[in-house]
1. Could you list Met95, Met50 in order of exposure, starting from the residue whose Cβ has the fewest other Cβ atoms within 10 Å?
2. At a 10 Å Cβ-Cβ cut-off, how would you order Lys70, Lys123, Lys130, fewest neighbours first?
3. Asp62 to Thr120: extension gain in nm, 0.36 nm per residue of separation minus the Cα-Cα distance?
4. Full-extension gain between Ser53 and Ile10, please, as 0.36 nm times their residue separation minus the C-alpha to C-alpha distance.
5. In the neighborhood of Gln66, defined by Cβ-to-Cβ distances under 11 Å, what is the net charge if each Lys or Arg adds +1 and each Asp or Glu adds -1?
6. Provide Ile10, Ile67 in ascending order of the number of other Cβ atoms located within 10 Å of each residue's Cβ, fewest first.
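Rule-based calculations on the coordinates, nothing more; no lab input. Since this is a predicted model, take the numbers as computed values, not measurements. Neighbour counts are summed over all protein chains in view; Cβ atoms, including those assigned to glycine, are modelled from backbone coordinates with ideal geometry.
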Amino acid sequence: MIQKFPIISIWFSCTLLCFNANSQVANDSISQRVKRSYFESKKILGYWYMVDSTHQRAEFVDEGYQITLKGADRNPYYFSKDSTGHIYSSGYFPMWPPPGCDLELISDDSLNITFSPFFTPGKPILYLRKKNEK
């Protein structure tokens, strides 16, 4: 019985140290700082086309107090608008857990949209606006 105590204590110590080392290495996306921008909603209204072979279309629609992102293959995402007509770049879809959508306006005619399902960081997708559709 006395010999089992040192073996158990060594095993417990090693387990505790390994767990502590692994938990410090892990990176949680919830604790990361979210980069948000604030821009005028008029800059993104209209149709945007994905830069790939599918050329999928996304449309930003002004619905008074919010801007809605509508796409053919996705749920609508909502971006709250303030009284001056500005929106935050982070949108939402009302569901739990909430999938997110982040916008990065690169220029007047190019936009990165990042869809983040269920707290998982997504990859940015480049969209372009055609010159005759503003």
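1. Numbers: Met95 9, Met50 16.
Ascending number of Cβ neighbours within 10 Å: Met95, Met50.
2. On the way: Lys70 14, Lys123 8, Lys130 11.
If I rank by nearby Cβ atoms, fewest first, I get Lys123, Lys130, Lys70.
3. Working: separation 58, 0.36 × 58 = 20.88 nm, distance 2.77 nm.
Residue separation times 0.36 nm, minus the Cα-Cα distance, leaves 18.1 nm.
4. On the way: separation 43, 0.36 × 43 = 15.48 nm, distance 5.89 nm.
Here the answer is 9.6 nm.
5. Working: positive: Lys81; negative: Asp62, Glu63, Asp82.
Around Gln66, the surrounding residues sum to -2.
6. On the way: Ile10 10, Ile67 22.
By the 10 Å Cβ count, ascending: Ile10, Ile67.
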